[in-house]
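Enquirer: Sharing a structure below in structure tokens format, with a few things to ask.
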Amino acid sequence: MSRAAERLKLLINHLDRPPAVITAAPTSVQTSTYNHPQRLRYTFDTDLLTPEQRLSYEENGFILIKNLVSEEDIDRFRKEFEKICRQEVKVPGLVVMRDLVIAKSEFVADQKAISKLQDFQEDPELFRYCSLPQILQYVECFTGPNIMAMHTMLINKPPDAGKKTSRHPMHQDLHYFPFRPADRIVCAWTAMEKVHRQNGCLVVLPGTHTSTLQEHDYPDWEGGVNKMYHGVRNYDPQHPRVHLEMEKGDTVFFHPLLIHGSGMNQTQGFRKAISCHYASADCYYIDVMGTTQENIEKEVKDIALKKYDMDSEITFKDTWAFRGRLVQGERTSL
């Protein structure tokens, strides 16, 4: 460890200790008033993240961990995805999303391309991703020890058909979540193959996680927008961007207020990734009435009513509560 890293670690250890534990040594000279600095806001000290990683997440809102998920696991997830596409496996509650204009699918003729699987919590094989020990040990750095898996996705970005519908508008994930606090929520996003700018890697705006939740809606794109692909209405297009090019098995962890999206897939193949949003089990639900999240609440409720023929009294909270799964520790609030 470098001297700079050792100094950072010492600093972080002080920041993470409650003020009552820090005592002053006696001195014979005059002392000045010292205000104890606040502890780091976004991470916990679990002895896993290096001081540099913790400070980088504090500043940027994301960290990339190389080669975290094994090739064997990823190949198993891919095979399960193929079975679902061929309808060899039926998964209760699974939401299958298809691209707006792309008719060419990978595994089933004459079907629009599957662009995303959502809510695979009832599929034991895919849900293994959410319980991988190497994933959870990082998640704990952001949520604490009691961890809920709240939102699961397998993204299958199709080759663009010229309408640019394979893009995902810049957005904040918190727009979709009626639970808080935001700082105790994190996404783990793992590349299932090499991800680069040509096939539509993630694009992030570092530091935007320190702002507030922005207003979201469907962007006015000429080629149309896929269902549920809301985007931030106003953000600074000149804000510095980072294109997260990743190898198979690399995993990025990011804050739910970080503005991010992805570009077109300009290759002939499909680009796959698997992800889970985690939250501390100590988080709590909020009422989004009167907030910028009302539009997504209505859309989610409408989909739930149609898909499950449920009572009109279903709430936004209900649609999330039944999806959440405890993966570590105790279920305390969510």
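The values are calculated or read from the model by the stated rules, or taken from the named source; none is laboratory data. If you're wondering where the values come from, they're calculated on a predicted model, not measured in any experiment. Note: ideal-geometry Cβ built from the backbone for every residue, glycine included; neighbour counts use all protein chains shown. We work out accessible area using only protein heavy atoms, side chains counted, and drop any ligands, DNA or RNA first. Shrake-Rupley method; radii C 1.70, N 1.55, O 1.52, S 1.80 Å.
Enquirer: Which residue pairs have Cβ atoms under 9 Å apart, sit 6 or more places apart or on different chains, and have a first residue in the stretch 132-149 that is under 15 Å from S275 (Cβ atoms) and free of Cβ contacts under 8 Å to residues at least 60 places away in the same chain and a second that is open to solvent by 10 Å² or more (accessible area, probe 1.4 Å) and assigned to a loop (DSSP other than H, G, I, E, B)?
Expert: none
Enquirer: If a residue must be of a type in the set (S, T, Y) and within 18 Å of K157 (Cβ to Cβ), how many such residues does the stretch 232-266 contain? Outline the logic, then answer.
Expert: Of the stretch 232-266, the ones of a type in the set (S, T, Y) are 235, 251, 262.
Now narrow it down to the ones that are within 18 Å of K157 (Cβ to Cβ): 251, 262.
Final tally of qualifying residues: 2.
Enquirer: Could you look through the stretch 40-91, keep only residues that are among the basic types (K, R) and open to solvent by 40 Å² or more (accessible area, probe 1.4 Å), and pick out the one that is farthest from the chain's Cα centre (by Cα)?
Expert: Step one: list which residues in the stretch 40-91 are among the basic types (K, R), which gives 41, 54, 66, 76, 78-79, 83, 86, 90.
Subsequent filtering for residues that are open to solvent by 40 Å² or more (accessible area, probe 1.4 Å) retains 41, 66, 76, 78-79, 83, 86, 90.
Details: R41: 18, K66: 17, R76: 21, R78: 20, K79: 23, K83: 25, R86: 27, K90: 25 Å.
Per the criteria, the residue is R86.
Enquirer: How many residues, within the stretch 203-217, are modelled with pLDDT of 95 or more and in a strand (DSSP E or B)?
Expert: 2
Enquirer: For A273, work out the one condition from (1) closer than 20 Å to E122 by Cα; (2) open to solvent by less than 30 Å² (accessible area, probe 1.4 Å); (3) without any contact (Cβ under 8 Å) to a residue 40 or more places away in the chain it doesn't fulfil.
Expert: Every listed condition holds for A273 apart from (3).
Enquirer: Tell me whether the stretch 59-67 contains one or more residues that are over 16 Å from G249 (Cβ atoms) and either of a type in the set (V, I, T) or without any contact (Cβ under 8 Å) to a residue 40 or more places away in the chain (or both).
Expert: no
Enquirer: Of (1) more than 30 Å from R167 (Cβ to Cβ); (2) surrounded by fewer than 17 Cβ atoms within 10 Å (Cβ to Cβ); (3) among the β-branched types (V, I, T), V327 satisfies all except one. Which?
Expert: (2)
Enquirer: Let me ask something else about it. Give the number of residues within the stretch 133-150 that are surrounded by fewer than 23 Cβ atoms within 10 Å (Cβ to Cβ), within 16 Å of L49 (Cβ to Cβ) and polar (S, T, N, Q).
Expert: 2
Enquirer: Take the residues in the stretch 151-202 that are in a strand (DSSP E or B), among the aliphatic types (A, V, I, L, M) and open to solvent by 10 Å² or more (accessible area, probe 1.4 Å), then tell me which one is nearest to Y57 (Cα to Cα). First the steps, then the outcome.
Expert: Residues of the stretch 151-202 that are in a strand (DSSP E or B), as a first pass: 151-157, 168-171, 179-180, 185-191, 195, 202.
Those left that are additionally among the aliphatic types (A, V, I, L, M): 153-155, 170, 185-186, 188, 191, 195, 202.
Next, only the ones that are open to solvent by 10 Å² or more (accessible area, probe 1.4 Å) stay: 153, 155, 170, 202.
Working: M153: 23, I155: 24, M170: 20, L202: 17 Å.
Per the criteria, the residue is L202.
Enquirer: State which residue pairs qualify: first residue surrounded by 15 or more Cβ atoms within 10 Å (Cβ to Cβ) and inside the stretch 234-252, second residue in a strand (DSSP E or B) and modelled with pLDDT under 95 in any location, beta carbons under 8 Å apart, and separation of 6 or more residues or different chains.
Expert: Note: pairs meeting the criteria are Y235/M170.
Enquirer: From the list S333, S280, pick out the single residue that is open to solvent by 50 Å² or more (accessible area, probe 1.4 Å), under 11 Å from F179 (Cβ atoms) and small (G, A, S).
Expert: Numbers: S280 fails: open to solvent by 50 Å² or more (accessible area, probe 1.4 Å).
Of the residues listed, the single one that is open to solvent by 50 Å² or more (accessible area, probe 1.4 Å), under 11 Å from F179 (Cβ atoms) and small (G, A, S) is S333.
Enquirer: Further question on the same structure: Which condition from (1) under 15 Å from T251 (Cα atoms); (2) open to solvent by 10 Å² or more (accessible area, probe 1.4 Å) is the one that C130 breaks?
Expert: For C130, the failing item is (2).
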